[in-house]
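Let me begin by presenting the structure, written as structure tokens, before commenting on it.
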Amino acid sequence: MIIITGATGRLGSSIVLQLLERVPADQVGVSVRDPGRAADLAGRGVRVRRGDFTDPGSLAEAFEGTAQVLIVSANETGGAAVAQHTAAIDAARAAGAKRVLYTSHQAAGADSLFAPMPDHAATEQYLAGTGTPFTSLRNGFYASTVPHLLGPALETGELVVPADGPVSWTTHGDLAEAAAIILADEGRFDDATPPLTAPDALDFDDIAGVLTELTGRTIRRVVAGDDEWIAGLIGYGVPEGQATMLLGMFHASRRGEFATTGPTLEDLLGRATTPVRSVLEGAAAPR
Ligand SMILES: NC(=O)c1ccc[n+]([C@@H]2O[C@H](COP(=O)([O-])OP(=O)(O)OC[C@H]3O[C@@H](n4cnc5c(N)ncnc54)[C@H](OP(=O)(O)O)[C@@H]3O)[C@@H](O)[C@H]2O)c1
């Protein structure tokens, strides 16, 4: 049996649907915080059990009889995130998993300027020390982040964000399909995968260019000062901690942390990855 956590989340739910196209439903299980939200999967024959990273007893039950567990990283940062991930890894091993998979990030690194990246690095390090075969999926930066960073650009014609660097933006759909392919092919990619990213990297100058093409109106990229940008976000009601974390993303991209590209994702999918342009089409559509 293959167990997937986070199956009521955006990535995990898509991974399960992709996996069901590759393996019979009675070999697929999900570990979710609220089984009621996975009723559709239960209806398709998927084993649905409650599992919460903060409740190890629930994980023992949710992971029972598993050959592989895919741990979708929690949406937390810092020590809490690492503690949740290591609890899930321990539970997977205790349940007898022969392979543990984890959704990491292309820029996982202890010295990253973006807060979640040291958490991924710490989780990978823990995983590597267990001695159990593992695959750390070094996912690209979610392209779905971009529309959230546009602010009022489509109304004002000015895309105002801090100084940045190129990012190999990658869609949830492509990453989910790749994860399912890797899950269905036990033994593929021992250790960390190469970066699972788009083959190109776009900075916000490029994003402004794409928006200009899509809307037929000039969208000019304007560089905001870091402090000015943070103050603006806080003014819009974004909590200060979250605003600071987002700024860290720009600091990291300036340093080129998300610029890595590679052919692995397209090779796995056997097709071109989904371009950022198609993610922006919805955002740029006339309302
Ligand atoms: N590659 C990137 O650029 C990028 C960007 C942002 C985030 N991420 C990471 O990728 C993960 C998946 O992304 P996503 O878009 O699918 O996020 P999402 O929709 O927020 O899904 C996160 C999943 O984690 C589950 N979860 C949270 N805390 C948990 C706990 N204590 N025990 C068990 N499960 C728990 C959530 O359960 P519920 O469904 O019950 O809420 C949810 O299903 C994120 O959580 C984050 O770690 C990556």
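For Cα pairs less than 8 Å apart in space and 6+ apart in sequence, what is the mean separation divided by the residue count of the chain, i.e. the relative contact order in percent?
Reported relative contact order: 18 percent.
For the chain, what are the DSSP H helices with axial Cα length of 15 Å or more and mean Kyte-Doolittle hydropathy of at least 0.5?
Membrane-span-like by this criterion, though nothing is claimed about a membrane: 10-20, 172-184, 204-215.
Using 14 Å as the cut-off for backbone N distance, which residues of the range 104-148 belong to the label zone defined by a point 7 Å from the Cα of SER278 along Cα→Cβ?
143-144
For Cα pairs less than 8 Å apart in space and 6+ apart in sequence, what is the mean separation divided by the residue count of the range 14-155, i.e. the relative contact order in percent?
Contact order relative to length: 17 percent.
Taking the alpha-carbon centroid of each part, what is the distance from the range 171-193 to the range 29-60 in angstrom?
Taking the Cα centre of each part, the range 171-193 and the range 29-60 sit 21 Å apart.
Using 7 Å Cα-to-Cβ label points, what is the ASP190/LYS98 separation (nm, one decimal)?
Rounded to a tenth, the inter-label distance reads 1.4 nm.
Explain nothing, just the number: dipole magnitude of the chain about its Cα centre with +1 on each Lys and Arg Cβ and -1 on each Asp and Glu Cβ, in debye rounded to the nearest 20.
640
Rounded to the nearest 0.05, what FRET efficiency do VAL223 and GLU76 have when you use their Cβ-Cβ distance and R0 = 35 Å?
0.70
For a quick check: with amide H placed at 1.01 Å from N, whose amide H comes under 5 Å from VAL30's, ignoring anything fewer than 5 positions away on the same chain?
ILE4, ARG47, VAL48, ARG49
Please arrange GLU257, GLU266 by how many other C-beta atoms lie within 10 Å of their C-beta, fewest to most.
GLU266, GLU257
For the residue pair THR156 and THR244, what label-to-label distance in nm results when each label sits 7 Å from Cα along the Cα-to-beta-carbon direction?
In this crude spin-label approximation the distance works out to 2.5 nm.
Assign unit charges at the C-beta atoms only (+1 for Lys and Arg, -1 for Asp and Glu), then state the dipole size of the range 129-287 relative to its Cα centre in Debye, rounded to the nearest 20.
280
Expressed as a whole number of Å, what is the distance separating the alpha-carbon centroids of the range 146-160 and the range 1-26?
34
Given R₀ = 30 Å, what would the calculated FRET efficiency be for ASP267 paired with ALA25, taking r from the Cβ atoms and rounding to 0.05?
0.60
Output the relative contact order of the range 203-287, whole-number percent, from Cα pairs under 8 angstrom with separation of 6+ residues.
Over the range 203-287, the number comes to 29 percent.
Which value at 222 nm does the chain reach when only helices count, each DSSP H run of 4 or more adding -39,500 (n - 2.57), with the total divided by all residues and rounded to the nearest 500 deg cm²/dmol?
-13000 deg cm²/dmol
Values quoted throughout were computed directly from the atomic coordinates according to the rules given, and no laboratory measurement underlies them. In this text, all values refer to a predicted model and were calculated from it rather than measured experimentally. Glycine also receives a Cβ, built like all others from the backbone with ideal geometry; neighbour counts cover every protein chain displayed.
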